[in-house]
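The values are calculated or read from the model by the stated rules, or taken from the named source; none is laboratory data. Treat the numbers as computed from the prediction; the structure is a model and nothing was measured. Quick reminder, even Gly has a Cβ in these numbers, built from the backbone with ideal geometry, and neighbours come from all protein chains shown. These accessible areas exclude ligands, DNA and RNA; they are computed on the full protein's heavy atoms, side chains included. Shrake-Rupley method; radii C 1.70, N 1.55, O 1.52, S 1.80 Å.
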Amino acid sequence: VWQEKSKPHMALFAGKKFNVSSIASNVEIRALLKAHGGEVLNNEHEIVTDNSICYVLDSFDSTNELFNYIWSRGQCNIISTKCVYESVETNKPLPEIQFPLFSRLLEGGIFSLCPTTNEKQYIELLLKFMGAQIMEHVSEDVHFLLASKAGSEQYQVATSKSIPIVRPMWIKDIWRMERVLSHVAYQVLPFSGCVISVTGLSASTRNEVLRLTKAYGGEYTPNLTKRCTHLLSRFPQGIKYRYALEWGIHCVSIDWFFDSVNAHRCVDETAYLLTLTEASKKALFSATATSSRDLSRLSPALRKKHLMQLQNSPR
């Protein structure tokens, strides 16, 4: 969505100095740089602190001692041989090198990352290695939001601005395969990262919730545990609802679930929260107000905890 066609440039590397490391394609790279106006230095083994010199390496792998050494000295003006070939193939001059540039695959792309994104620092590194720009906040300028799960504040902002939300694996696969891939297969599904349980619903509705939760990237559990992120119900009642409130789990109307499915995104839970009156709350949190049917809906650990409360409660 960000890629543009470049205008012809006869001297792609004019005015730039290059230090080419001892690599397999050393001779070919040197000739290519010179043919397009670049100045290739002869002292390839000399590493100097000079921001006017661009170092050309074959890889940015963590095992590449030369790359690690140059970068550890604060030199960010490093490019790969791949970057040289891409510049010639696309007829685009090198940008100002402010960070080691391995590839130009994502050049011009603007990305934002949710704070909870898996391997956030590593993904940011790959984005910069491939020429992308990173913005802390989600704005209209952002092309993609990277997120490991649905429902965060950044997620809601991105959906309101129709910004595609994709999993970090997309960036890792582009880096691994060294080509731009369609983001469609990597989009964050509406219930990605959600662990959903229900209470007070009919068997047919429970089965539909189970089916759609799995289809849209979430996890369904019949028992309420602290891993749950959402409890679905029609009314604010029941033992599962009580403990969901105690644990800070989203207690939302079943409408939230089906509206998310229809909107193809995890809609904001705020408008779907199940409210509780003071009288209902007092009754709900009474240790003795529990039926055997209620107990059967709890996980074994939670059932044990509640039975202990019943034994210790005043008669």
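Seen from Pro168, the other residues with C-beta closer than 9 Å to its C-beta sum to a net charge of +2, counting Lys and Arg as +1 and Asp and Glu as -1. If amide H atoms are built 1.01 Å from N in the plane of the peptide, which residues on other chains or at least 5 residues away come under 5 Å of the amide H of Ser21? Sorted by chain and number, the residues that satisfy this are Val56. Does region 189-231 classify as rounded, prolate or oblate by the C-alpha gyration tensor (a ≥ b ≥ c root eigenvalues; a/c under 1.5 gives rounded; else a/b over b/c gives prolate, otherwise oblate)? Judged from the Cα gyration tensor, region 189-231 comes out oblate (a/c at least 1.5, b/c at or above a/b).
Rolling a 1.4 Å probe over the protein heavy atoms gives region 95-204 an accessible area of 45 Å² per residue.
Legend: distances between Cα atoms for Lys17/Lys120; Lys120/Lys226; Lys17/Lys82; pairs beyond 28 Å are Lys17/Lys120.
Mind giving me the FRET efficiency for Glu246 and Glu119? R0 is 30 Å, r the Cβ-Cβ distance, nearest 0.05 is fine. That pair, Glu246 with Glu119, gives E of 0.40. Cross-link pairs exceeding 27 Å in C-alpha to C-alpha distance, out of Lys149/Lys172; Lys214/Lys240; Lys92/Lys149, comprise Lys92/Lys149. For region 57-202, the C-alpha radius of gyration sits at 1.21 times the compact-globule guess of 2.2 N^0.38 Å, with N the residue count. Radius of gyration over Kirkwood radius for region 171-282, both on Cα atoms: the Rg/Rh ratio is 1.09. The share of accessible area on region 89-177 that comes from carbon and sulfur is 48 percent, using a 1.4 angstrom probe. Counting only heavy atoms of the protein chains and using a 1.4 Å probe, Lys128 has close to 90 Å² of accessible surface.
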